[in-house]
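A.B. asks: I'd like to ask some things about the structure below.
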Amino acid sequence: MNKKLYVISGCSGVGKGTIINEFMKRNGKDFVLSVSCTTRSPRQGEVDGVNYFFISKEEFEENIAQDKFLEHAQFAGNYYGTKKKYLKEKFEQGYNIILEIETQGALQVKEKMPEAVLIFIAPPSIKELENRLRGRHTEDEATIQKRLAQVKVELERSQKYDYTVINDNVERAVDEIEKIAEKEISK
Ligand code: 5GP
């Protein structure tokens with residue numbers, strides 16, 4: 001059966017990490033979550049090669065120059081990108097792949113691979129989103145403000161996505177993503 005690339009985006013703090021973790025718990029046999037490269041520093045508990053490949057700005061820019069990324073973008077002052085080679089390896093191992101990336105990168109993927117399925121996770125409301133972002137206690141106020149400013153832009157870009165899933169409830173949102181995957185795989 002054809003293996004698919006699913007791109008999942010959502011505004012900062014929308015809870016997409018929780019949704020993807022739950023999806024992977026249920027579907028880890030067939031799906032793999034892509035590990036991106038980033039120039040940002042690891043947060044507490046993050047492990048190189050597991051959460052991200054943490055690389056320097058110089059190394060990242062070298063990879064851009066050598067056309068090693070399927071997509072890359074700058075977000076909140078750091079580079080993030082998906083290596084073509086990583087995806088190729090995972091497809092060869094027989095997995096469907098999930099990219100958890102922001103919207104600029106997602107739209108680059110759609111251009112290069114129109115068969116990729118773009119899913120946007122939206123908050124029930126903007127106020128709710130702000131509360132979640134503050135409740136996370138991992139970023140300082142300036143970073144929170146920067147990320148909230150991104151929300152508007154991302155919601156606009158999400159109009160080009162194939163699906164929007166509202167995160168009103170984690171289990172329900174994961175059920176909906178599973179239904180999307182079933183439908184797409186049978187296409
Ligand atoms: P964080 O720093 O919170 O881990 O991620 C910040 C943003 O970067 C999130 O929206 C996340 O989805 C996005 N991101 C993570 N990896 C990639 C990537 O490889 N490419 C792009 N374009 N965005 C990414």
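The values are calculated or read from the model by the stated rules, or taken from the named source; none is laboratory data. Source: prediction; values computed, not measured. Cβ atoms come from the backbone with ideal geometry, glycine included; neighbour counts cover every protein chain shown. Just so you know, the surface numbers come from the protein's heavy atoms only, side chains and all, with ligands and any DNA or RNA stripped out. Shrake-Rupley method; radii C 1.70, N 1.55, O 1.52, S 1.80 Å.
A.B. asks: Any residue in the stretch 158-187 that is closer than 14 Å to residue 19 by Cα sitting within a Cβ distance under 8 Å of a residue that is in a helix (DSSP H, G or I) and open to solvent by 40 Å² or more (accessible area, probe 1.4 Å)? List the pairs, counting only those 6 or more apart or interchain.
C.D. replies: Hits for this filter: 165/176; 170/18; 174/26; 178/26.
A.B. asks: Also: Being open to solvent by less than 50 Å² (accessible area, probe 1.4 Å) and over 18 Å from residue 122 (Cβ atoms) is the filter here, so list the residues in the stretch 136-151 that pass it.
C.D. replies: Passing the criteria: 139, 143, 144.
A.B. asks: While we're here: Within the bounds of the stretch 96-106, is there any residue that is more than 7 Å from the ligand (Cβ to nearest atom), open to solvent by 30 Å² or more (accessible area, probe 1.4 Å) and in contact (Cβ under 8 Å) with a residue 40 or more places away in the chain?
C.D. replies: For the stretch 96-106, residues more than 7 Å from the ligand (Cβ to nearest atom), open to solvent by 30 Å² or more (accessible area, probe 1.4 Å) and in contact (Cβ under 8 Å) with a residue 40 or more places away in the chain: absent.
A.B. asks: Looking only at the stretch 53-85, count every residue that is more than 7 Å from the ligand (Cβ to nearest atom), without any contact (Cβ under 8 Å) to a residue 40 or more places away in the chain, surrounded by 18 or more Cβ atoms within 10 Å (Cβ to Cβ) and assigned to a strand (DSSP E or B) and tell me the total.
C.D. replies: Summing the residues that are more than 7 Å from the ligand (Cβ to nearest atom), without any contact (Cβ under 8 Å) to a residue 40 or more places away in the chain, surrounded by 18 or more Cβ atoms within 10 Å (Cβ to Cβ) and assigned to a strand (DSSP E or B) in the stretch 53-85 gives 1.
A.B. asks: Output yes when any residue across the stretch 125-141 is of a type in the set (Ser, Thr, Tyr) and more than 12 Å from the ligand (Cβ to nearest atom), and no when none is.
C.D. replies: Looking for residues that are of a type in the set (Ser, Thr, Tyr) and more than 12 Å from the ligand (Cβ to nearest atom), one finds at least one in the stretch 125-141, hence yes.
A.B. asks: What pairs come out if I take residues in the stretch 1-29 that are open to solvent by 30 Å² or more (accessible area, probe 1.4 Å) and within 16 Å of the ligand (Cβ to nearest atom) and pair them with residues that are at pLDDT below 95 and assigned to a helix (DSSP H, G or I) whose C-beta lies under 9 Å away, six or more apart or interchain?
C.D. replies: none
A.B. asks: If I ask for residues that are under 29 Å from residue 153 (Cα atoms) and either of a type in the set (D, E, K, R) or assigned to a strand (DSSP E or B) (or both), which ones from the stretch 1-30 would you list?
C.D. replies: Hits for the stretch 1-30 are 4, 5, 6, 7, 8, 9, 10, 16, 22.
A.B. asks: Please find, within the stretch 137-166, the residue that is modelled with the lowest pLDDT out of those that are among the small types (Gly, Ala, Ser) and more than 16 Å from the chain's Cα centre (by Cα).
C.D. replies: Among them, the one singled out is 149.
A.B. asks: Next question. Is it the case that the stretch 126-133 has a residue that's more than 15 Å from residue 17 (Cα to Cα) and open to solvent by less than 40 Å² (accessible area, probe 1.4 Å)?
C.D. replies: Among the residues of the stretch 126-133, not one is more than 15 Å from residue 17 (Cα to Cα) and open to solvent by less than 40 Å² (accessible area, probe 1.4 Å), which makes the answer no.
A.B. asks: Now for a separate question. Would you confirm whether any residue within the stretch 39-46 is touching a Lys or Arg at 6+ places or on another chain (Cβ under 7 Å), surrounded by 16 or more Cβ atoms within 10 Å (Cβ to Cβ) and not in a strand (DSSP E or B)?
C.D. replies: Yes; the residues of the stretch 39-46 include at least one that is touching a Lys or Arg at 6+ places or on another chain (Cβ under 7 Å), surrounded by 16 or more Cβ atoms within 10 Å (Cβ to Cβ) and not in a strand (DSSP E or B).
A.B. asks: What do you reckon, is residue 111 among the acidic types (Asp, Glu) and modelled with pLDDT of 95 or more?
C.D. replies: Yes: the conditions hold for residue 111.
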